[in-house]
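Take a look at the structure set out below.
No lab work stands behind these numbers, since they all come straight from the coordinates. Everything numeric here is computed off the predicted structure, so don't read it as measured data. Cβ: placed from backbone, ideal geometry, glycine included. Neighbour counts: every protein chain shown.
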Amino acid sequence: MAKNVTLASLISTVRFQGDFENSRVMSDAQITAAINSAGSELWDLLLDCRPDQYISTSSTTTTPGSEIVSLPVDFYRLRMVEVQDGSFWRTLRPHNLSEAWRYQIAGSSPSRLTYRIQSNTLRLVPTPTVAWSIRISYFRPFTDFALSGDTFDAVNDYDDLIVARVIAKLRGGREGMDSAWWDAEAARLERDVRNVAGDVDAGEPFALSGQRGDSFDFGGLE
């Protein structure tokens, strides 16, 4: 279940806990900029700790004779690239730029495809000779707060980390204001997120699928 927090509530909390309520110097715009910076940091942390909760998927098709596949316009980080091979989706492997020449055999089979990210595109090697369906699993970037009613899913009060980092940053940049306690609090909250954010399915052990010899054997597809 989502725990959405608004920009207005974050600004109010920062002002109250950071002792900025009567400050005419600390504008909402300054606080919002700090909130967006801290929000981006929390977003990266959540993508590291619980990545599968934030996957987006985009489908496209290769162009015969072209090695380029466009990434989604809201692309931030890649999770996986797949190509449809008959009835199955085959995971593509990345290649090093210096070793791309090793894979430059006519791209008549999707099983030969490899990729690398270059200039906001996927560069496929070998160059496809037919149109294949490509599925891209990826992460979007953090969406900055702009309006007071804009929301962010704080999951389990993880917005406390945003507040702590914002206050530490704003207090640390002003003469006569101590940020030591808030620096320590932000570090503690980050440790807490790292320790617990990944336990989305704590009741089931991890298992590998598609291994030879079990009922999910896909005929040797890897």
If I take R0 = 35 Å and measure r between the Cβ atoms of Thr121 and Ser9 in this structure, what FRET efficiency does the formula 1/(1 + (r/R0)^6) give, to the nearest 0.05? 0.35
Determine, from the Cβ-Cβ distance of Asp150 and Met177 and an R0 of 25 Å, the FRET efficiency 1/(1 + (r/R0)^6), rounded to the nearest 0.05. 0.35
Would you please give the FRET efficiency between Arg135 and Ala184, computed as 1/(1 + (r/R0)^6) with r the Cβ-Cβ distance and R0 = 41 Å, to the nearest 0.05? 0.40
For Leu78, placing the label point 7 angstrom along Cα-to-beta-carbon and taking the range 136-150, residues whose amide nitrogen sits under 17 Å are 136-141
Compare the peptides 56-66, 186-196 by average per-residue count of other Cβ atoms within 10 angstrom and give them in order, highest first. 186-196, 56-66
Summed side-chain charge close to Tyr158 - residues other than Tyr158 whose Cβ falls under 12 Å, Lys, Arg +1, Asp, Glu -1: -3
Whole Å is fine, so just give me how far the alpha carbon centre of the range 143-198 lies from that of the range 9-65. 10
Pulled fully out, how much extra length does the chain show between Arg194 and Ser56, if you take 0.36 nm times their separation in residues and subtract their Cα-Cα distance? 47.5 nm
